[in-house]
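Notes follow the structure.
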Amino acid sequence: MNTLLDRRKYVIGAIIVVLTLIFLVKLFFIQVVNTRYKVSAEHNSQRHQIEYPARGLIYDRYNNLLVYNQAAYDLMIVPREVRTFDTLDFCNMLEISLQQVRDNINAAKKHSWYKPSIFLKQISAITYAKLQEKLFKFPGFFVQTRTLRKYPQSTAANVLGYVGEVDERITQRDNYYKSGDYTGISGIEKTYENDLRGRKGVTIYLVDVHNRKQGSFQEGKYDTVAVSGKDIMTTIDAELQAYGELLMRNKIGSITAIEPSTGEILCMVSSPSYDPNLLVGRVRGQNYRILSQDTLNPLFNRALMAQYPPGSTFKLANALIGMQEGVVHRNTSYSCSGPESRPIRCSHNHISPIALIGSIEQSCNSYYWKVFNSIISNPKYQNTEEGFQAWRSYFLNLGFGSPVGADLFNELGGNIPTVQFYDKYYKKGGWRPMTIRSLSIGQGEILVTPIQLANFTATIANRGFYIKPHIVKQVDNLALDSQFERKESHIDSSAFELVVEGMGRVFDGDHGTARWYRLPEIPMCGKTGTAENPHGDDHSIFIAFAPRENPQIAVSVVVENAGFGSTWAVPIASLMIEKYINRTVERKGIEDRMTSGNLISKK
Amino acid sequence: MTRRLNRTGDVDWISIAVYFLLVLLGWINIYAAVYDQDHHSIFDTTQRYGKQLLWIGFSVLVIIAIFIIDVKFYDFFAYVIYGLLISILIIVLLFGVEVNGARSWFEIGSFRMQPAEFAKFATTLALAKYLNSANFKIHNLKSLFYLGLIIFLPAGLILLQNDTGSAMVYIAFFFVLYREGLSGSFLLIGVLSVVLFIMSMMLDLTTISILLTSSAVLVYALYQRNWKEIGFVAGVFLAFGAILYAIDYFFKLNRPGYQIVLLAVLLSGLIYLYFSYFKKLQIGFVLTFALIAGISYTTTVDYVFNNLLEAHQQDRIKVLLGMVDDPHGAGYNVTQSKIAIGSGGLTGKGFLQGTQTKFDFVPEQSTDFIFCTVGEEWGYLGTSTVIILFVLLLLRLIFLAERQRSHFNRIFGWGVVSVIFFHFAVNIAMTIGLAPVIGIPLPFFSYGGSSLWGFTFLLFVFLKLDSTRKQYLQ
Ligand SMILES: [Zn+2]
């Protein structure tokens, strides 16, 4: 036994000797045989210089430049290569304090001792020129060229979004990004990040003791070329967008316009907004803080994220559903006793009884309560739940209840209440059309976003279908059209024709709520709405499209705390249509009243 | 007078000479690694070489103290020393300072101490004492349990400090256990499962199955030399492979290649298992069984890794194995380290002429990557000299351990051999890219007082024990 165990010392000894032989052979290969590792004595240090690609440019639908790049220079540091240097000269040139130099060096050391980190971000071109001449005096420092976004038109901040430095969450999830890289944080910059960013390249240089480049490492065998980002053409009409922003000055709300035949978003104004140039470069952090603390929330894209009860604009949908379900026809008439009506009061006096077209023109509440009741209480459905379910599915087909856009950033879905919701709220079987009657006039638990309203308007303009709204037309000169789905409303186009006729009367009729803003050469169709606001004055809503035949633009306007729809939302929508179709606005009086109106200080 | 003779008379001067040679060479290379023109006094204690000189001076005092203390002290106080170190490891976990992400340091003024470096010594003592005790029986479950406790308690605490490298050193004690009678299959299975684990990370399953199968066949061929049987086995395997491939081809199943190979191995393996069981071919049975077990193991590892582990857990393992570049640059380290060593050529660039290490491309160049400086400035001659010195020391220590008459001494000696060997092997292997980057120092060579003293304790306590071995004659 013991002799057997004694033999084990040879086993261990053998393991040691064999491993040693492996080491000696491997070292022989690395040191003597292989020439790959030979680097000449003078050209000894490598520097991995990242080549940042130019980020893709962004244009509007007519090829006007919205976003371009400007060169910026980051001063980089490799802590281990830093030797004693003239700090006074250094501080003067960069206009920073000695303390800041120390702090920045320590921060860099903390990040990595031997990999480059940013010492000073975005130094000016002038400083860069001065620095370039003296760089050899400061071993361990070098300059990295980067680009910054520039916005020549200063519009559409929330649509375009902004670019910022990646955080740890992003670098961990996607190893393309390294600390210090930029990425799209919101808007188009975010949704189209993969197209816009291009691909980073890396060049490995050899540098000598004096920080001078000595040529590439191994003839550039390990280098990669940076690939520029792809340019993007948006669907935005920059002029219209700017005009909308002008009209919405000093007001809270949004204007969203869509080209009905394509689903292209022509403008998406969210007010108040900000100058996108504020969120670029060294001032970004500070400005972002100010903007995000602003109580009016300029960083919030109201067109996509604000959710309102749609008010009377929803009567159009109820009319469409009623016709498709066969419970309402052109001649269906109901009586109305104005403010005395039960169970819902009608807001104004009008001739009674009233038929379908008139009910749209006059926005009769009583009429739509009855339409709603007959849809849900239709004997073809077993009970309220089933009727409600049928009613609800029409709304989903019309693009409500969930985000409707194809490539929109952070869009919210609004809310179309479910059977389950009411079952829970009122107990199962405890609710009737009467219980949920406010849905008939677009109030209650229902919530929609301005983009959904604009899309609904486009659906009416198209007489029954919509293309998913989108913000980008072309990437790298390739049209994206085919990618955007066509959605059917499953409601007959004849029903739409009647609704269009009613909407036309809103402008043309003697009692139409938008009659002051009609334009003889452009037949417009629209519908006002008022979103009840428990916190203050009601929100004014208006949806419209034009021209009546072969519509070119569908628009939704929401002006918060503006009271009844026709004072602010209607003229703004009418001016937007005029601007888009005629490219110029003749009605200067209305325009002046709109641009000078201040609803923010009123609040 | 005789007592005095006993203290130094029988000391193994060869080991001491190699020790001082290694320490001296280490210091020279630390000097070269951190040398810059502004500081060149070797006594400048603001620089690492100055400090290291101080540590070397203290080591000499430590050595003298070890030789003055009575030899029975170590045996007698083994558990006390072990207990003390365990408490210190717990304290450092609570109150220690974090350096490079590991909370394993005490800081007193500008000096730092790393208790983990001394825990190896304490564990070796406790291990020797326990294996030598009367109630220890290897292959007795209770004994194995205590044994495991002695080894893994400090390892676990060091792992909690986030110092994975130092914790892995405790694996080395399996050499001691093997020498002391632990079944060799433990060692073999342990080594094999580690190797297979790493292989399953690095290679695809097809390659692994082919490698495993062919090595099994090779071992069998060398062992049995029965060509007819080998032909039979190979034939069965090829036949299965062909049939499965044909099935895959004609039915357009498009299964990946490794699945076909695996299934063929499995089927032919099962047939051969059956065959060898009845024919009482022990070696064939064991080999086939091992092959099937090995393939199932790698398949399982592969599956668990890809399907059950979270992405960040996968990354951590990949970083540990040096397969991906971590933020602090594990892969970067190895590339730079190889460039530095490779640039040395046969004879090196000469003392202080190294540029890769001097211009700071190799991280931790005076500690874990000190071997780079050797490679760059002294070339292949330098690296092979250092390696040969280590092997000489290790073989000499094995020789010394084996000549002990006391069990305690011998086990302690083997502990010293194992720990030094593990450090040496892993450190060199990682520097030349044969092993993942596990941050452990090169014994006697790397910069650092704690590490130098820890190894000095290990080596010289053993040399002290060895010098008194003749007392056991009586
Ligand atoms: Zn009415």
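The values are calculated or read from the model by the stated rules, or taken from the named source; none is laboratory data. Please read these numbers as outputs of a predicted model, since none were measured by experiment. Glycine also receives a Cβ, built like all others from the backbone with ideal geometry; neighbour counts cover every protein chain displayed. Keep in mind that these areas ignore ligands, DNA and RNA; they rest on the heavy atoms of the full protein, side chains included. Shrake-Rupley method; radii C 1.70, N 1.55, O 1.52, S 1.80 Å.
Could you check how much of the accessible area of segment B:203-309 is carbon and sulfur, as a whole percent, using a 1.4 Å probe? It is 72 percent, rounded to a whole number. Rounded to the nearest 10 degrees, the angle from helix A:565-582 to the longest Cα principal axis of chain A is 70 degrees. Compared with its chain on its own, segment B:373-415 contains the following residues whose accessible area drops by 30 Å² or more in the full protein assembly (probe 1.4 Å; ligands, DNA and RNA excluded): B:TYR380, B:ILE387, B:VAL391, B:LEU395, B:ILE398, B:GLU402, B:TRP414.
Remark: segment A:47-234 carries 48 Å² of accessible area per residue (probe radius 1.4 Å; ligands, DNA and RNA excluded).
Segment A:221-249 and segment B:53-97 have their alpha-carbon centroids 68 Å apart.
Entry note, the protein assembly as shown: the mean residue ellipticity at 222 nm calculated from DSSP H runs of n ≥ 4, each adding -39500 (n - 2.57), is -16000 deg cm²/dmol after division by the residues and rounding to the nearest 500. Highest average first, the peptides B:122-128, A:509-515 ordered by how many other beta carbon atoms sit within 10 Å of their residues are B:122-128, A:509-515. Taking the average, over residues, of other Cβ atoms within 10 Å as the packing measure, peptides A:518-530, B:138-150, A:539-551, A:454-466 rank A:454-466, A:539-551, A:518-530, B:138-150 from highest down. Between A and B, roughly 4000 Å² of accessible area is buried in total, ligands, DNA and RNA not counted and the probe set to 1.4 Å. Per residue of B:336-349, other chain Cβ atoms within 10 Å of the residue Cβ number 4 on average.
Amide H contacts of A:LYS473: A:MET233, A:THR234, A:THR235, each under 5 Å away and 5 or more positions distant or on a separate chain (H built 1.01 Å from N in the peptide plane; Pro and chain starts excluded). When a 1.4 Å probe is rolled over the protein heavy atoms, the share of accessible surface on chain A that falls to carbon and sulfur comes to 51 percent. Take every Cα pair under 8 Å whose residues are at least 6 apart in sequence, average their separation, divide by the length of chain A, and the relative contact order is 14 percent. Computed from Cα positions, the angle between helix A:313-324 and the longest principal axis of chain A comes to roughly 70 degrees.
A simple count of charges around A:PRO379, restricted to other residues whose Cβ falls under 14 Å of its Cβ and scoring Lys, Arg +1 and Asp, Glu -1, yields -1. Relative contact order for segment A:459-512: 39 percent, from Cα pairs under 8 Å spaced at least 6 residues apart, divided by residue count. The string of couplings for segment A:478-492 from the Karplus curve (6.51, -1.76, 1.60, θ = phi - 60°) is 9, 5, 9, 2, 5, 6, 9, 5, 9, 10, 9, 7, 6, 10, 5 Hz, one whole number per residue in order, with x for Gly and Pro. Dipole orientation for the protein assembly as shown: of the candidates A:TYR182, A:PHE421, B:PHE457, B:PHE457 has the Cα lying most toward the positive pole (charges on Cβ; Lys, Arg +1; Asp, Glu -1).
Within 10 Å of each Cβ in peptide B:168-175, how many partner chain Cβ atoms are there on average? Round it to a whole number, please.
What the average comes to for B:168-175 is 1.
Using the Cβ-Cβ distance between A:GLU51 and A:LEU246 with R0 set to 45 Å, the FRET efficiency from 1/(1 + (r/R0)^6) comes to roughly 0.65. Of the peptides A:578-586, B:368-376, the ranking by mean beta-carbon count within 10 Å, highest at the top, reads B:368-376, A:578-586. Electrostatic tally near A:GLU239: other residues with Cβ closer than 12 Å to its Cβ, Lys and Arg +1, Asp and Glu -1, net 0.
So what is the relative contact order for segment A:47-234, in percent, with contacts set as C-alpha pairs under 8 Å and at least six apart? Kindly include the intermediate steps, with their values, before the conclusion.
Numbers: 360 pairs, mean separation 63.7, N = 188.
Relative contact order comes out at 34 percent.
In order along segment A:228-233, the Karplus-derived 3J(HN,Hα) couplings, from 6.51 cos²θ - 1.76 cosθ + 1.60 at θ = phi - 60°, round to 5, x, 7, 6, 10, 9 Hz, and Gly and Pro are given as x.
Per residue of B:428-440, how many C-beta atoms from partner chains lie within 10 Å of its own C-beta, taken as a mean?
2
Would you please classify the overall shape of segment B:203-309 from the alpha carbon gyration tensor, given that a ≥ b ≥ c denote the square roots of the eigenvalues, rounded means a/c under 1.5, and beyond that prolate means a/b larger than b/c while oblate covers the rest? Oblate shape, in that a/c is at least 1.5 and b/c is the bigger or equal ratio. Segment A:328-379 and segment A:58-81 have Cα centres spaced 59 Å apart. Accessible surface of A:VAL18, taken over heavy atoms with a 1.4 Å probe and every protein chain present, rounds to 80 Å². Accessible area per residue for segment A:467-587 is 41 Å², calculated with a 1.4 Å probe on protein heavy atoms, without ligands, DNA or RNA.
Converting phi to 3J(HN,Hα) with the Karplus coefficients 6.51, -1.76 and 1.60 and the offset θ = phi - 60°, segment A:150-161 yields 10, 10, x, 9, 6, 10, 6, 3, 6, 6, 6, x Hz in sequence order, with x at every glycine or proline. This model, with +1 at the C-beta of Lys and Arg and -1 at the C-beta of Asp and Glu, gives chain A a dipole about its Cα centre of some 2020 debye.
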